[in-house]
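See below for the structure under consideration.
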Amino acid sequence: MGGPARCLPGEVLVVLPAIRLFLGVEGTAFVAATDGRVVRDAVRLRYPQAASASETDLPREYLEKIVQVPLRIPPLGAAETESYLNLLVAQRFLTGDQTSLCRAKAGQIRAQGALAVSMNLGLAREAAGALPAEAEREFELMGRIARLLAAGLKGNPRQVKRYLNAFEMGARTAERRHLMLDRAVLAKLMMLEYSEPLRLRDLNAWQVAADGRPEEIARLEEHVGVAKVHKNSAASEGGEGAKAGG
């Protein structure tokens, strides 16, 4: 079977009716991965007067006549994003046999209905045995950035994969230019570029204006340090109170 085909808005109302012709054939089923926005735009372009009528939602009704079992896929959560990133790392840095073992391990965990991470460094070691040092480094890095990435990209798996590809290209570009970059720092900067491009632009402006030593960064670091001290102090006081009460 061939891979999935993507339709332009003008083609949607050609493909969907064609699928409908085969729905009455016994033993035949189609899986249509649709973006509701594209279907709505296609219907409005094809039937502008009917789609603008206030008493009906023509795009929704159009899909309801064709799709018998609707399944809505929610965005990836933090644990799912981390698992997905780690499986991509396995595919990139491990052998084919080791990658298959990691996938099988993740499948076993998911089959149990657990919402926890189904693939990380520890699980990869458990499934595939000894890992290359480069793979260990990447698994560890994914564990550090996965939750922030999930929030920044709103659980979109396509954007998560694009981020990882762009990160790897950026790292290789730095190597070719003989730039000694910390991959963890690069990963966080690129994560900021993807999720908050305007803030990354501000950060770059600060760096350029202050020759790499911006006062704004120092103030932010001081603020974060003070917040951590307050948090640790509150946790300590709570622990002492619990101990005294006991």
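For the range 99-116, what are the residues that are open to solvent by 50 Å² or more (accessible area, probe 1.4 Å) and not hydrophobic (A, V, I, L, M, F, W, C)?
Listed by number, the residues that qualify are Ser100, Arg103, Gln108, Arg110, Gln112, Gly113.
Any chance you could count how many residues in the range 117-156 are surrounded by fewer than 16 Cβ atoms within 10 Å (Cβ to Cβ), out of contact with any helix residue (DSSP H, G or I) (no Cβ under 6 Å at 6 or more places or on another chain) and under 16 Å from Tyr84 (Cβ atoms)?
4
Could you please tell me which pairs satisfy a Cβ distance under 9 Å, a separation of 6+ or placement on different chains, a first residue in the range 150-165 that is under 15 Å from Gln91 (Cβ atoms) and touching a residue at least 12 places away in the same chain (Cβ under 8 Å), and a second residue that is open to solvent by 60 Å² or more (accessible area, probe 1.4 Å) and not in a helix (DSSP H, G or I)?
Qualifying pairs under 9 Å: Pro157/Pro75.
Quick one: is Ala116 assigned to a helix (DSSP H, G or I) and either touching a Leu at 6+ places or on another chain (Cβ under 6 Å) or not acidic (Asp, Glu) (or both)? Full working, then the answer.
Numbers: assigned to a helix (DSSP H, G or I): no; either touching a Leu at 6+ places or on another chain (Cβ under 6 Å) or not acidic (Asp, Glu) (or both): yes.
Considered against the rule, which asks whether it is assigned to a helix (DSSP H, G or I) and either touching a Leu at 6+ places or on another chain (Cβ under 6 Å) or not acidic (Asp, Glu) (or both), Ala116 comes out as no.
Given the structure, is Ala106 assigned to a helix (DSSP H, G or I), modelled with pLDDT under 90 and among the small types (Gly, Ala, Ser)? Step through it out loud before you land on a result.
On the way: assigned to a helix (DSSP H, G or I): yes; modelled with pLDDT under 90: no; among the small types (Gly, Ala, Ser): yes.
Criteria not met by Ala106.
How about the range 165-177: which of its residues are open to solvent by 10 Å² or more (accessible area, probe 1.4 Å), in a helix (DSSP H, G or I) and not small (Gly, Ala, Ser)?
Within the range 165-177, Asn165, Glu168, Met169, Arg172, Thr173, Glu175, Arg176 qualify.
If I ask for residues that are in a loop (DSSP other than H, G, I, E, B) and open to solvent by 100 Å² or more (accessible area, probe 1.4 Å), which ones from the range 199-223 would you list? Write out each step before concluding.
Filtering the range 199-223 down to residues in a loop (DSSP other than H, G, I, E, B) leaves 210-214.
Selection gives Asp211, Arg213.
Can you tell me how many residues within the range 70-100 are under 13 Å from the mean Cα position of the chain (by Cα) and under 23 Å from Gly36 (Cα atoms)? Write out each step before concluding.
From the range 70-100, those under 13 Å from the mean Cα position of the chain (by Cα) are 74-88; that's our starting set.
Those still in the list that are under 23 Å from Gly36 (Cα atoms) too: 74-77.
Total meeting the criteria: 4.
The values are calculated or read from the model by the stated rules, or taken from the named source; none is laboratory data. Quick caveat: nothing in here was measured; it's all calculated off a predicted structure. In this analysis, Cβ positions are derived from the backbone assuming ideal geometry, glycine residues included, and neighbour counts consider all displayed protein chains. Each accessible area value is taken on the protein alone, full model and side chains, heavy atoms only, with ligands, DNA and RNA left out. Shrake-Rupley method; radii C 1.70, N 1.55, O 1.52, S 1.80 Å.
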